[in-house]
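Trainee: Let me give you the structure first, and then I'll get to my questions.
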Amino acid sequence: MNWAYLSELFTVKSRSMTSTKNIGVFTMTKNYLSMILLFSGFSVFLSSCGVYSFTGASVPPEAKTVSVITFPNKAELVQPSLSQTFSDALRDKFSSQTSLANIPRNGDLHFEGEITGYSTEPVAITGQQTAALIRLKITVNVRYTNKFNPKDNFETSFSRFQDYSSSLNLSAVEADLISKITVELVEDIFNKAVVNW
């Protein structure tokens, strides 16, 4: 057996394994650095387009404040707590989903309007001409002003509803229905104002 040959073969194999291992580490490091640079570039791009949060909200970088004037209830049927409930929910949405500070009036982004509709109507009429479900519907008229992007300003009416069983009294389910409808209305308004997809 030729020990010198085996020793030389083992040394060559070891060197090639070591160089492969080093190339693998270099490749992994290179890929890692590429990912960091790509993510950094993407972040810079997003910040140049406006203030962006991963919730999808995009507001002008100059905007620092938002104001929501309490929406008066001008519906024919007035639910006493709806005005405050709705207005607070809209303020809370901006507090939780953006870095804008809430101020009482004249914010960089400004909302005002009124509750114009609060009604119930029968739906899903059965064969005996009775309603299986009752629909509670809320409508709000919203005026939105963006101090830095006037083209985004709007005045729009938003409506949402929830159905409940006609066997239930409205007073038993009203608070829960108002809460659900308010969440949907606020989401619609938030999306129209600051989610630019």
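Trainee: Could you tell me the calculated FRET efficiency between residue 167 and residue 69, based on Cβ-Cβ distance and R0 = 35 angstrom, to the nearest 0.05?
Mentor: Efficiency for this residue pair is about 0.35.
Trainee: Taking the Cα centre as origin and putting +1 on Lys and Arg beta-carbons and -1 on Asp and Glu beta-carbons, what dipole magnitude results for the stretch 62-194, to the nearest 20 debye?
Mentor: Dipole of the stretch 62-194, to the nearest 20 debye: 220 debye.
Trainee: Taking loop as defined by DSSP and a crowding limit of 10 other beta carbons within 10 Å, which trypsin sites (Lys or Arg not before Pro) in the stretch 86-174 fit?
Mentor: In loop regions of the stretch 86-174 (DSSP not H, G, I, E or B), the sparsely surrounded trypsin sites (Lys or Arg not before Pro) are 105.
Trainee: If you count, for each residue, the other Cβ atoms within 10 Å and average over each peptide, how do 121-130, 63-72 line up from highest to lowest?
Mentor: Ranking, from highest mean packing down: 63-72, 121-130.
Trainee: Of the cross-linked pairs 74/151; 137/192; 64/137; 64/180; 147/180, which ones have a Cα-Cα span greater than 26 Å in the structure shown?
Mentor: The pairs that break the limit, which is 26 Å between Cα atoms, are 74/151; 64/137; 64/180; 147/180.
Bear in mind that the values in this text are calculations on the coordinates, not laboratory data. Fair warning: this is a prediction, and the values are worked out from it, not measured in the lab. Cβ sites come from the backbone with ideal geometry, for glycine too, and all protein chains shown count toward neighbours.
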